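Q: Right, I'll just put the structure down here and ask away after.
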Amino acid sequence: MIMESTELATKKQIEDVIRLRNESIKRYQGALESLASIETNLKTLGEYIMPHQRRDLADLKSFQKELDANLWKYCFDKLGVFTVMNSKNIDKLRKEIDTNTPELSTENIEATITKLYDNRMKYFVEGIIDTFRNLAKGYKTNEKESFKIPNKCITGWMIEPRYSKGLQLRYSSQDRLSDIDRTFCILDKKEFKDRQTICEANSKLENNETYENNYFELKGYKNSNAHIRFKRIDLLDKANQLIADYYGNTLK
């Protein structure tokens, strides 16, 4: 089940986060008030007695906004929200939280998580489409057009030479490989370990070797191409069926 990890997050765990958040804000406010009191007392001796470093502390509103943004992202991670999203949508959600940060409260968390949970399959399928569209034969750019992921594909601009020897994944393509691995892990109901595939693939590419895990093989070439062969055809069929269902087509 997608986003099963949300079941591990009890109401008490959420309340613990809120309690720590409120306590931190209260203590920070107390620290600001203490510093203001110190500055007032020192001004009786002179205008410039108070050390300038005291002004490095952010105001309470800025502190609360950044704290809430960080805790929202923490909760999303622990509640499994990021699990069903590809890297592009995770980054988009993080930026939205940083820009428009809602107040962190039990009610807001529960309402947001419920909405995300109810739409988890939609987010997952849209992530598959975004990740695999450019791997389809006759690369389709039309977002309204269905496609099928082949069991073998070639993707360009994914590999580059290492400074010392061998090859490596381009920095801009690392998320793409992680998203491929994430998709198969979820379909296989296995834990997805972020960055693991990237590190293991780069280790093989450094020695011009083929990287292989439970789901696919990847061979890099100096012309920047990567040849990918998917091994679990049963999971590939599931992914293709989800894409077909999304577009209202029959899988051929």
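Q: Please list, ordered by first then second residue, the pairs with beta carbon atoms under 7 Å, 6 or more apart or interchain, first in the stretch 42-69 and open to solvent by less than 100 Å² (accessible area, probe 1.4 Å), second aromatic (Phe, Trp, Tyr) and at pLDDT 85 or above.
A: Listed by first residue and then by second, the contacts come to 60/28; 63/28.
Q: Moving to a separate point now. Filter the stretch 198-220 for residues that are in a loop (DSSP other than H, G, I, E, B) and in contact with a strand residue (DSSP E or B) (Cβ under 8 Å, 6 or more places away or on another chain); which is nearest to residue 183 (Cα to Cα)?
A: In this case the residue turns out to be 215.
Q: Hey, among the residues in the stretch 103-128 that are part of a loop (DSSP other than H, G, I, E, B) and open to solvent by less than 50 Å² (accessible area, probe 1.4 Å), which one's farthest from residue 68 (Cα to Cα)?
A: That would be 105.
Q: Could you please find all residues in the stretch 236-245 being surrounded by fewer than 19 Cβ atoms within 10 Å (Cβ to Cβ), touching a Ser or Thr at 6+ places or on another chain (Cβ under 9 Å) and closer than 15 Å to residue 180 by Cβ?
A: Passing the criteria: none in range.
Q: Being in a helix (DSSP H, G or I) and among the aromatic types (Phe, Trp, Tyr) is the filter here; which residues of the stretch 36-92 pass it?
A: 63, 72, 74, 76, 82
Q: Working only within the stretch 147-183, note down all residues that are part of a strand (DSSP E or B), buried (at least 16 other Cβ atoms within 10 Å of the Cβ) and at pLDDT 95 or above.
A: Across the stretch 147-183, the qualifying residues are 159, 160, 167, 168, 169.
Q: Residues of the stretch 77-109 being under 26 Å from residue 23 (Cα atoms), touching a residue at least 24 places away in the same chain (Cβ under 8 Å) and not hydroxyl-bearing (Ser, Thr, Tyr), which ones?
A: 78, 79, 80, 81, 97, 98, 102, 103, 104, 109
Q: Here's something else I'd like to know. Write out, first by first residue and then by second, each pair whose Cβ atoms fall under 9 Å of each other, whose residues are 6+ apart or on separate chains, and whose first residue, in the stretch 121-136, is free of Cβ contacts under 8 Å to residues at least 24 places away in the same chain while the second is part of a helix (DSSP H, G or I) and open to solvent by 10 Å² or more (accessible area, probe 1.4 Å).
A: 122/246; 134/176
Q: Residue 79: touching a Cys at 6+ places or on another chain (Cβ under 7 Å), open to solvent by less than 20 Å² (accessible area, probe 1.4 Å) and either at negative phi or not aromatic (Phe, Trp, Tyr) (or both), yes or no?
A: So residue 79 does not fit the description; no.
Q: Scanning the stretch 232-252 for residues that are basic (Lys, Arg) and not in a helix (DSSP H, G or I), which turns out modelled with the highest pLDDT?
A: 232
Q: What are the pairs, 6+ residues apart or on separate chains, where a residue within the stretch 229-251 that is at positive phi has its Cβ under 6 Å from a residue that is of a type in the set (S, T, N, Q)?
A: Final answer for the pair search is none.
Q: Now a separate question. I need a count of the residues in the stretch 205-218 that are surrounded by fewer than 19 Cβ atoms within 10 Å (Cβ to Cβ) and of a type outside the set (S, T, N, Q).
A: 4
Q: On to the next question. Do we find a residue being crowded, with 19+ Cβ neighbours inside 10 Å and assigned to a helix (DSSP H, G or I) anywhere in the stretch 221-231?
A: So far as the stretch 221-231 goes, no, none of its residues is crowded, with 19+ Cβ neighbours inside 10 Å and assigned to a helix (DSSP H, G or I).
The values are calculated or read from the model by the stated rules, or taken from the named source; none is laboratory data. The shown structure was predicted, so the numbers you read here are calculated from the model rather than taken from an experiment. In this analysis, Cβ positions are derived from the backbone assuming ideal geometry, glycine residues included, and neighbour counts consider all displayed protein chains. All accessible areas refer to the heavy atoms of the entire protein, side chains included, with ligands and DNA or RNA removed. Shrake-Rupley method; radii C 1.70, N 1.55, O 1.52, S 1.80 Å.
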